[in-house]
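The values are calculated or read from the model by the stated rules, or taken from the named source; none is laboratory data. Computed from a predicted structure; not experimentally measured. Glycine also receives a Cβ, built like all others from the backbone with ideal geometry; neighbour counts cover every protein chain displayed. Each accessible area value is taken on the protein alone, full model and side chains, heavy atoms only, with ligands, DNA and RNA left out. Shrake-Rupley method; radii C 1.70, N 1.55, O 1.52, S 1.80 Å.
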Amino acid sequence: MKISVIGLGYVGMCQAVGLAKLGLDVIGVDISKERIAQINKKIPPIYEFGLKELLDELVPSKFSVTANIKKAISDSKIAFVCVGTPSKKEGSMSLVQLEGVCKDIGLALKKKKARFTVVVKSTVVPGTCRDVVIPLLEKYSGKKFPKEFGVAMNPEFLKEGTALDDFFNPDRIVIGSSDKESLKELEQVYSKFTCPVLKTNFKEAEMIKYASNAFLATKISFINEIGNICKKLDMNTNTVAKGIGLDKRIAPYFLRSGIGFGGSCFPKDVNALVYKATEMGYHPRLLRSVLDVNRDQPLKLLALLDKHGPLKGKKIGILGLTFKAGTDDIRESPSLSTIKELLMEEAQLYIYDPKAMDRVKKIFPHLNYLATAQDVIDNSDIVLILTEWSEFVKLNYGNKLVIDGKNVFNGQKPKNYEGICW
Ligand code: UDX
């Protein structure tokens, strides 16, 4: 069965190589010619563990790429739509890319004789498949859902850094549709997986994605709030997190306190859910608080810094720029908001990250980017740890004050050390 995957960002790349590895023939589609050229040369356009090896193995025999969406639709039976739905300024979600793709698919379907199924993987607020995707496909194809083409919602739950492992070992697969044929086809695509497959309607599948991310974000803001209290009471939140995580009803996952969540999903998705709920006349107080706690969490680290005198002219080392380890993604990274605050205070910054310096240089071109983490320590008065890269554990911090926002030290800590919630 030939499958197209439209949008080769983090989600699309993992979906495409994952399906190709399962034995399906995959055509990847992206508007970026540069990205296509990279993939053709087997160079991963993003950093993701294991991706390079899979590109080496699968390009071009099982995974080919093109910028021609119409040709890809004409040559395949199912399309997974994985384009971005970024936040607009007010917090709602932008559908510009999704709408463009629906138009292109619709126009391609006009000429296609065989039945085709469009699977939405992009994160979209409840109601989008029914109110936006299907009407656009019908408008541009001149065909009718579900008689002449299928649509399904199949949310992704991949974590950057372990996304390929998550793809091959999912906790569950959720498929939402009112069309039996689309449900059957997707069951076939995922037939090699042994995890539970939950079939729902469109809106429920859309909401499961938001509710999952909102719940995980809530867990993090919860433990950060407990952590802020623990810090005031001079105790270690991590021991408290361990103690509560042993309760099966709570579970030990997503209870790591620190400088808060970032990335492409949690901040955007919780904001979009708050926006949608408010639009419907419901004011989600808990979810707003989750965002409030998260916004303030990096400031706790700055408050610890403030205790050590004025920041103007102080040499501050920044270790870590990505929103978490194992990725080169800097979207909504607490490290970037911390850098902004420190620049406003006129601190002198020395910066290192193993994966994301080139990306950050485009935002802050005039800072001191150093070749190694040790160089940063050697040049700074105080060192801030903002990403949990394992290489930060083994460095020689000497007597430098280290303020840790990510709890990177399991064993021996630097001599002069302070943790944000511990
Ligand atoms: C998340 C979801 O986990 C995934 O299911 C969804 O598909 C996309 O969004 P991702 O953003 O890649 O994945 O990373 P994740 O590991 O969930 O971490 C998100 C943020 O929360 C990071 O900034 C991380 O450092 C932070 N986090 C995570 C904590 O602060 N504490 C924790 O205990 C766990």
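Calculate the FRET efficiency for K113 and F193 from the Cβ-Cβ distance with a Förster distance of 25 Å, rounded to the nearest 0.05. Efficiency, rounded to the nearest 0.05: 0.20.
Evaluate the charge dipole of the stretch 79-131 about its Cα centre and quote only its size in Debye, nearest 20, assuming +1 on the Cβ of each Lys and Arg and -1 on the Cβ of each Asp and Glu. Walk me through the numbers on the way to the answer.
Details: 10 positive and 4 negative charges, 76 e Å.
Using only the charged Cβ atoms, the result is roughly 360 debye.
Packing here is the average count of other Cβ atoms within 10 Å per residue, and on that basis the peptides 118-127, 308-317, highest first, run 118-127, 308-317.
Solvent exposure of the chain amounts to 47 Å² per residue of accessible area, where only protein heavy atoms count and the probe is 1.4 Å.
So for the chain, taking the charge dipole from beta-carbon charges (+1 Lys/Arg, -1 Asp/Glu), which of L311, V83, A371 sits furthest toward the positive end? Farthest towards the positive pole: V83. Here the 3J(HN,Hα) profile of the stretch 294-304, calculated from phi with Karplus coefficients 6.51, -1.76 and 1.60 at θ = phi - 60°, is 5, 4, 7, 4, x, 5, 4, 5, 5, 5, 5 Hz, Gly and Pro shown as x. In this structure the amide hydrogen of V5, modeled in the peptide plane, comes within under 5 Å of the amide hydrogens of I27, G28, V29, F80, none closer than 5 places in sequence on its chain.
Along the charge dipole of the chain, pointing to its positive end and built from +1/-1 on Cβ of Lys, Arg, Asp and Glu, which listed residue (P252, I31, L291) has its Cα farthest out? My answer, from the dipole projection, is I31. Among beta bridges identified by DSSP and lying wholly in the chain, the antiparallel ones come to about 5 percent.
How much length is gained if the chain between K33 and Y282 is pulled fully straight, taking 0.36 nm per residue apart and subtracting their Cα-Cα distance, in nm to one decimal? Please report the intermediate quantities before stating the final value.
Working: separation 249, 0.36 × 249 = 89.64 nm, distance 4.33 nm.
Full extension from K33 to Y282 adds 85.3 nm.
Comparing Y397, Y210, Y282 in a Gaussian network model of the chain (Cα springs below 10 Å), the most mobile by mean-square fluctuation is Y282. Amide H to amide H, with H built 1.01 Å from N, S333 comes under 5 Å of G263, counting only residues 5 or more places away or on other chains. Here the stretch 86-193 has 52 percent of its accessible surface on carbon and sulfur atoms, given a 1.4 Å probe and all protein chains in place. The alpha-carbon atoms of the stretch 233-419, seen along their principal axes, cover 52, 38, 32 angstrom, with the largest extent given first. The solvent-accessible area of R331, taken with every protein chain present and a 1.4 Å probe, is close to 110 Å². Counting heavy atoms of the protein chains alone, M280 has an accessible area of about 140 Å² for a 1.4 Å probe. Going by accessible surface with a 1.4 Å probe and the largest first, E206, E332, E418 read E332, E418, E206.
Roughly how many whole Å is it from the C-alpha centroid of the stretch 1-58 to that of the stretch 326-398? First find each Cα centre; the distance between them is then 30 Å.
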